[in-house]
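Report on the structure given below.
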Amino acid sequence: MRQTTTARSRAKVAVLALFISIAISLLQLTPAMAIDPAAGRTVLGAGAHVDAIYPQLTGKKLEVKSLTPDGVKDTDKIALHIPTTKTSHVGLPEGYEFLGKKGTKAWVSTEAQDKSVVWPGWSFEGLESKDLKGTIKINYKNFSYAGDSASPRSAVTQPGGFDGKKVTPLIVPGTTHTGVSGEAGAHTHATWTFTAAGTYDINFGVEAELADGTPVADDVTVRFIVGETGDNGENLEAQKDPQPSDAVDKLTIEPVKADAEYFTGQDADLNAVAPGARKGDSYRWFTTAPGESKAVKDPEQNTEEFSTKAIRALDGTKVHVERVGADGKVVERSEPVTIGTRAKTPTTSLSVKPDKRSYHAGETATFSSTQTPKTEDEHYHWYLKLPGQDEYEWIPESRRAEQSLKITPEMDGALITARLFNADHAVLAEAPVQQISVDGGEAAADSFKVSSNQKSAKVGQKVSFTADLPSDDKVEWSVRKQGENVYAPIKGSTGKTLSTEMGEDWDGAEVRAVVRNGKTVISEGSFPAVSVDQASEAAASSEQEATSSTWILPVGIVVEVIIIASAVILVVRRRASVRKETGSGAGTPDDTDTTTKD
């Protein structure tokens with residue numbers, strides 16, 4: 001069979017175009033593209049997933065390196081590249097006023113992967129919770145810069161607020177936001193923003209505490225090349241950050257989270273910024289509860305930092321601070337900040353299973369938590385409430401799905417639960433409480449059963465709870481909502497039966513009944529987990545949205561495959577048509593024709 005050179009050339013061009021399309025597709029899915037600049041570093045960009053700060057333990061020594069697509073590397077061997085692309089060189093959106101006016105051009109690598117630039121984060125997956133006590137901390141120290149800008153700035157942020165559309169500063173040099181912390185095993189991405197092209201060497205300190213209490217630390221320098229890769233960093237100069245007070249002219253409260261909006265499980269932290277502060281000054285913090293007009297001094301808060309647990313009852317609380325001079329007189333008072341709190345919609349259901357039905361004092365019990373459905377989150381905390389206590393306490397260093405507990409006599413009748421958190425320490429789910437039984441135990445309070453008249457309820461519906469008590473003792477009813485440690489009193493009933501209206505935030509709540517002698521609890525019981533239908537439907541809707549979003553990439557790939565397949569079909573049909581024409585003698589070669597045999 002014969003074909004013309006022209007027809008054959010067209011077919012080759014089509015095939016070549018097809019292979020170029022495939023190559024481009026593969027490059028788009030390739031996580032990194034490395035080059036070697038004059039400085040001898042491997043430059044990582046084009047979608048490279050890099051854990052820029054990756055601490056590990058070598059014996060009892062903390063060493064911080066970077067985790068790259070090619071494995072763990074010393075940070076002085078690599079550079080992270082944010083080139084100028086349509087998606088990386090953009091105007092600053094609202095909320096980035098700490099870097100510049102809205103619309104000011106800046107270079108960004110977002111927490112959602114942009115395959116045209118490096119995708120940096122930090123990871124504590126190289127550490128194990130059994131080796132550490134407490135969290136790991138990353139603190140910004142200083143930076144050097146080589147480039148044309150007289151005042152280069154950078155920031156590490158995450159989406160903030162209840163809607164995720166606000167900006168939460170994590171590390172912003174020149175502000176009070178100078179560090180982050182996390183649990184062993186955590187992996188975090190954020191948005192890195194730079195106001196100018198050039199080379200940035202950013203210095204961080206990483207701190208942790210070994211299980212035996214020994215502090216460990218290491219410093220690390222991460223290099224970013226913003227814009228072109230021509231500068232090898234030889235002209236780096238140390239930069240001076242502005243003072244946090246430079247941006248304010250009076251005592252001001254800066255929330256750690258955007259607009260002081262915190263999810264249940266997080267610490268509701270605020271910072272006082274005082275440009276006129278002097279040595280010897282102290283601070284007084286005041287809170288005004290929702291619906292109240294009187295501010296109450298918090299006796300436990302007397303430094304520049306205010307911290308409390310974010311619980312639902314805190315929502316709408318106003319906080320202000322006073323700066324007090326060394327002579328005890330109030331120097332200035334801030335404007336109030338209103339704290340917002342909310343619980344995240346549960347992403348899964350947790351359950352707790354003990355390894356035995358009952359224990360002897362001195363035994364070690366093992367409790368296991370299971371997720372249904374399984375999620376990628378593996379950050380747990382366990383909480384215990386002894387009989388007679390009025391709130392749950394965290395079991396120190398409990399961070400895994402399985403928890404061991406040394407049994408003591410007073411644990412007879414104690415309650416235990418597990419909570420699942422995300423990387424930002426917001427509660428994602430809590431297991432119904434389980435009661436511990438100890439043979440021959442010495443519980444501080446007797447226990448009784450609390451039952452409900454129905455298995456589940458709608459929002460706004462009244463549900464009755466009954467305490468199985470043999471006497472007509474006065475009963476104190478309270479509720480502990482999911483993800484919280486304290487019980488809030490329920491007014492309106494002191495008898496054996498409580499009838500109360502369900503709110504959406506009651507889903508998963510524990511209802512408690514207590515009989516006291518003065519302030520001492522003599523007997524108690526609880527209904528472990530209230531079920532409210534509307535909240536469950538919201539969780540299912542959230543899960544469905546999350547599931548749907550995971551199809552975005554696969555659908556894109558399918559569309560691309562269809563396009564490539566269509567190109568293949570066109571090429572095959574074209575070649576078949578050419579063969580048919582040349583086989584019947586219809587082809588008319590021009591003066592430059594040559595012929596070949598198939």
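When you check G325 against the structure, is it touching a residue at least 12 places away in the same chain (Cβ under 8 Å), touching a Pro at 6+ places or on another chain (Cβ under 6 Å) and surrounded by fewer than 16 Cβ atoms within 10 Å (Cβ to Cβ), yes or no? No.
Looking only at region 342-382, count every residue that is farther than 23 Å from V427 by Cα and aromatic (F, W, Y) and tell me the total.
Residues flagged as farther than 23 Å from V427 by Cα and aromatic (F, W, Y) within region 342-382 amount to 1.
Under the condition of being at pLDDT 95 or above and either basic (K, R) or more than 28 Å from D219 (Cβ to Cβ) (or both), the residues counted in region 50-76 number 3. Within region 250-272, can one find any residue that is charged (D, E, K, R), open to solvent by 40 Å² or more (accessible area, probe 1.4 Å) and more than 29 Å from the chain's Cα centre (by Cα)? Scanning region 250-272, I find at least one residue that is charged (D, E, K, R), open to solvent by 40 Å² or more (accessible area, probe 1.4 Å) and more than 29 Å from the chain's Cα centre (by Cα), so the answer is yes. Looking only at region 426-443, residues that are modelled with pLDDT under 95 and surrounded by 17 or more Cβ atoms within 10 Å (Cβ to Cβ) come to 2 in all. Restricted to strands (runs of 3 or more DSSP E) entirely inside region 137-247, those with at least 2 residues that are of a type in the set (D, E) and under 28 Å from the mean Cα position of the chain (by Cα) are 198-209, 215-226.
The residues in region 338-365 that are in contact with a Lys or Arg (Cβ under 7 Å, 6 or more places away or on another chain) and within 30 Å of S293 (Cα to Cα) can be counted, and the count is 3. From the list S478, S493, S499, the lone residue that is at negative phi, among the small types (G, A, S), open to solvent by less than 40 Å² (accessible area, probe 1.4 Å) and more than 32 Å from the chain's Cα centre (by Cα) is S493.
The number of residues in region 94-129 being within 24 Å of the chain's Cα centre (by Cα), over 21 Å from Y140 (Cβ atoms) and open to solvent by 70 Å² or more (accessible area, probe 1.4 Å) comes to 5. The single condition from (1) closer than 21 Å to I53 by Cα; (2) surrounded by fewer than 17 Cβ atoms within 10 Å (Cβ to Cβ) that T85 fails is (1). Highlighted here are the strands (runs of 3 or more DSSP E) found entirely within region 52-105 that include at least 3 residues which are of a type in the set (A, V, I, L, M): 61-68, 78-82. Considering (1) within 30 Å of I522 (Cβ to Cβ); (2) assigned to a loop (DSSP other than H, G, I, E, B); (3) open to solvent by less than 30 Å² (accessible area, probe 1.4 Å), say which one A365 fails and leave the rest. Tallying (1) within 30 Å of I522 (Cβ to Cβ); (2) assigned to a loop (DSSP other than H, G, I, E, B); (3) open to solvent by less than 30 Å² (accessible area, probe 1.4 Å), A365 fails exactly one: (2). For region 138-165, a residue qualifies if it is surrounded by fewer than 19 Cβ atoms within 10 Å (Cβ to Cβ), closer than 23 Å to S245 by Cα and of a type in the set (D, E, K, R), and exactly one does: K141. The sole residue among G280, G291 that is open to solvent by less than 70 Å² (accessible area, probe 1.4 Å) and either at pLDDT below 95 or β-branched (V, I, T) (or both) is G280. Cβ separations smaller than 9 Å between residues 6+ apart or across chains give the following pairs from region 281-304 residues that are farther than 15 Å from D315 by Cα to residues that are of a type in the set (K, R) and open to solvent by less than 90 Å² (accessible area, probe 1.4 Å): D281/R323; S282/R323; Y283/R323; R284/R323; K297/R284; D298/R284; Q301/R284; N302/R284. Of the residues in region 391-408, not one is open to solvent by less than 30 Å² (accessible area, probe 1.4 Å), over 25 Å from L132 (Cα atoms) and within 26 Å of the chain's Cα centre (by Cα).
The values are calculated or read from the model by the stated rules, or taken from the named source; none is laboratory data. Source: prediction; values computed, not measured. Neighbour counts run over all protein chains shown; Cβ positions are idealised from the backbone, glycine included. For the accessible areas, the whole protein counts, side chains as well, though only heavy atoms, and no ligand, DNA or RNA atoms are used. Shrake-Rupley method; radii C 1.70, N 1.55, O 1.52, S 1.80 Å.
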